[in-house]
Every structure is written in structure tokens, then in C-alpha cells.
């Protein structure tokens, strides 16, 4: 595909400049992307308007926030067109957007300019309930406006061995959750099944279920134990459905063909994801050393391609951390070079039926890359446009990871306009 290169000027465009330069991308998607990159900080007045008895606040999560704290802040906010933002609490010195109370409504502010009013998500009914064994259901299954989320394993074995992805804080954050919030890394199938059953009693609220977790290396073959955990969890969820297949997908380590067939045959899974994180072998080896040592970039990618034979075109995907390939000192030296390389590799996957989506890189304080800088807004928008164009070109759907069911990927928001 043809890629128009970014200017070689170091100046980073503001959100309004990016909106003017890319009129084919909705303004609110650009704004969402910038909020993702910069994070948010709440004024005292805004905090006073957040009612945990009514609003859904942050629950158990796989990654931490940029302020390194666990506080009952909003889990999600929405803009006037329904665009979902998963706000990342960020210290004021890091130049986040401000959420303030204006005329009795929460508003997104930047440089004293009111950009948009925002709304908070009402918490699900099951958030106030406990399982028969006494565990708060909100600790077992968290929610987005239309999706239920489960973390199958809160620890990543790569990180435990000192080989975790350099941008990731999963293990440090999970330790903090266990210590401060009394959380657990895993839950019994019985508690999971009971929680899903209660969540589904709220008519019309949820349309999808998503499972993810840290990599588990144990087993006769690498990832066998991880596979067992997903199958056990999916079967517990499946007890609440009358059909074999139900609206659920997973994000796992790169399973081999035998493991994938077990996953497909023994559960109700409809779509499959395994995250490459970085679309280049050399950068992958540096940024994701555990993944590189266990399988290597090419085998991880090949397993995604082989998964298409089992789940079908468009039902296999991979997530990319947009901009981490620019990390110093071994990343790309220019955004132009990175954009070209990323889209060429994404097209290789698209041709073979694998969808790529992106999450702008958030620099987390307890990750190895804590002292790095996020990519520019313009770079993220250009990459999002490129990924969207590839899905259109190769007829790849994004139904199981679109703006309703996920909301964390600005490029998939663009599917709304086709």
C-alpha cells in the first residue's frame, strides 16, 4: 500500500492541528487518542461529582496507571458520540488533560479550553453482589459499557524470569493490587460462572466477553498450562449459555496448532488474539525478550497465520503498542521509518487474514521503559488510518474488537465510518 511520510520536522502537532490536517478522521477519535497518550487529572470539583454508589470506578486491571496508585476513579468516560475513553490517571506534572466540573457537568479541559463534556459509566448491578463463597463479583469480572472482562492470570512468567516486555508493568501492578486492594491472581471456576450468570441478568447491558492474562510457560509444551487455564475458565462461562459457541474472545500467548484446536473444540470461543506488540523482528527481540526467547518473532507471527485456518479470516488478531518501536536507544530513529515498516508488516498479516489493531503507547512508571517518551499524536493517527485502510482493502472485520466491545483502540473506532 502507499504510505505518505510524515514531515521530518521535530515539531509535534497539537490536537487541533492534527484535526485540521486529517479531516477524514473524526475529531473525537483524534481527541480520544490524545487523551490516551497524555492521560487525565481530576480537579477536586470533578472528584466530588464521582459517586461510587452510582458510577463505575476502576476495578481489577491488568495494567497500572501513570500515577502508580489504586484509587476509585472512573473506569471509563464517553464523549457525546458514544466514543469510549479508558482514562489513565496521570500526575499533573506530566501535562495530562484536566477533567473539571463545569456548569454541573464533567468536562475535558486543555490549556483552560473546554473541549468536550463527558459522561461517566453507570456501574453494573452485579458490582454490588458477592459470590456464594463471599468474593466481591466486581473483583472477578470487570466491565466496560458493553463488555465483560476477565483476567485469567494476573502474573506473567516472562516478567517473573526477568524477561518481560519492557513497556509492561503487569507483574508490578498485580503485586500492588494484591497488597493494597486484597485482590487475587486467579479465581475458582465456580465463582466465575456465578458472576457471569449474575452479570447476564442485566438485560441488554453486555454483548461480549473478553479474557486475557499474563503468559504461563509451564506444561509439556510451552503454554500448555496457560491453555488449560483458559479452557477451564471458558467452560465455566459456557455453563451460562445454551449454545456451544457464544460471544467471547481471548488474548493469549501464541498457541501452536494443536493447542488452538483444543481451544476451539473444547470451548465456546469465537475469536482469537495473540499480541505481537511490535511489528519488526529486531525491535521485537529487544523490547519483548521473553517472547523472543520462547518462540521468536517469526514463529509467533506464523502461529497467528495458522490460527486463521481454525477461526477464519478476520477472527484472528494481534495487538500492537503504537510507538514503542521508537523507544531509545535501539528503536527506529524516525517516525517516518517506523510508519512505513509497521504498515508493510501489518499488510503482510492482513493478506493472510490476520487483523492488526493498535493501542498508543503509555509510558508506565513501574515498567523498564519508565523514562521513555510516548509517540506523537500525529504518528498514532497516521498508523490508525493505515490499519483501518488495510482492513477495508482486505475485507477484514473488526466486530469483536470494535468501539462498542473494546474501546481501547482508536484505529478500530474508524470502522464506524464505513
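No lab work stands behind these numbers, since they all come straight from the coordinates. Not measured: the values here are computed from a predicted model. Cβ placement follows ideal geometry from the backbone for every residue including glycine, while neighbour counts extend to all protein chains displayed.
Quick one: divide the alpha-carbon radius of gyration of segment 78-149 by 2.2 N^0.38 Å and tell me what you get. Kindly include the intermediate steps, with their values, before the conclusion.
Details: Rg = 15.9 Å, N = 72, 2.2 N^0.38 = 11.2 Å.
Dividing the Cα radius of gyration by 2.2 N^0.38 Å gives 1.43.
Roughly how many nanometres apart are two label points built 7 Å out from the Cα toward the Cβ at residue 333 and residue 293?
Label-label distance for residue 333 and residue 293, simple model: 3.0 nm.
Please find, in a Gaussian network model of the chain (springs between Cα atoms separated by less than 10 Å), the residue of 134, 323, 82 whose mean-square fluctuation is greatest.
Between 134, 323, 82, it is 134 that shows the largest mean-square fluctuation.
Which length gain, in nm to one decimal place, applies between residue 21 and residue 133 when the Cα-Cα distance is subtracted from 0.36 nm times their residue separation?
34.8 nm
Would you mind estimating how fast segment 142-215 diffuses translationally, via Stokes-Einstein at 10 °C and 1.306 mPa s with the Kirkwood radius over Cα pairs, in µm²/s?
Stokes-Einstein gives a translational diffusion coefficient of 115 µm²/s.
Evaluate 2.2 N^0.38 Å with N set to the residue count of segment 1-159, then give the Cα radius of gyration divided by it.
Dividing the Cα Rg of segment 1-159 by 2.2 N^0.38 Å gives 1.19.
Send over the per residue convex hull volume for segment 337-377, Cα only, as a whole number of Å³.
Output value, Cα hull per residue: 100 Å³.
Could you give the length gained on full extension between residue 122 and residue 63, defined as 0.36 nm per residue of separation minus the Cα-Cα distance, in nm? Don't jump to the answer; show the numbers that get you there.
Working: separation 59, 0.36 × 59 = 21.24 nm, distance 2.21 nm.
Full-extension gain reported as 19.0 nm.
How big is segment 203-244 on each of its three principal axes, counting only the C-alpha atoms and giving the largest first in Å?
Taking max minus min along each principal axis of the Cα atoms, segment 203-244 gives 42, 19, 11 Å.
Just how far, in whole angstrom, is segment 314-352 from segment 183-211 if you go by their alpha carbon centroids?
34 Å
Give me the percent of DSSP beta bridges within the chain that run antiparallel, rounded to the nearest 5.
45 percent
On the first, second and third principal axes, largest extent first, how far apart are the outermost C-alpha atoms of segment 39-120 in Å?
32, 30, 24
Limiting things to C-alpha atoms, what are the Rg and the maximum Cα-Cα separation (Dmax) for segment 90-206, in angstroms?
Here Rg and the maximum Cα pair distance are 18.4, 52 Å.
Starting from one equal scatterer on each C-alpha and no solvent at all, send me the Debye-based log10 I(q)/I(0) for segment 228-283 at q = 0.12, 0.15, 0.21, 0.31 Å⁻¹, two decimals.
-0.32, -0.47, -0.77, -1.36
Any idea what % of Cα-Cα pairs in segment 130-269 are farther than 27 Å?
Tail of the P(r) past 27 Å holds 21 percent of the pairs.
If I model a spin label as a point 7 Å beyond the Cα along the Cα-Cβ vector, how far apart are those points for residue 218 and residue 93 in nm?
The answer from the label model is 4.2 nm.
Just from the alpha-carbon atoms, what are the Rg and Dmax of segment 342-418 in angstroms?
Rg and Dmax of segment 342-418, Cα atoms, are 13.5, 39 Å.
With labels modelled as points extended 7 Å from the Cα through the Cβ direction, what inter-label distance (nm, one decimal) is found for residue 302 paired with residue 286?
Taking the simple label geometry, residue 302 and residue 286 are separated by 2.5 nm.
When the Kirkwood radius is taken over all Cα pairs of segment 306-352, what Stokes-Einstein diffusion coefficient follows at 25 °C and 0.890 mPa s, in µm²/s?
So the translational diffusion coefficient is about 201 µm²/s.
Can you give the Rg/Rh ratio of the chain, where Rg is from the C-alpha atoms and Rh is the Kirkwood radius?
Details: Rg = 20.4 Å, Rh = 21.8 Å.
Answer for the chain: 0.94.
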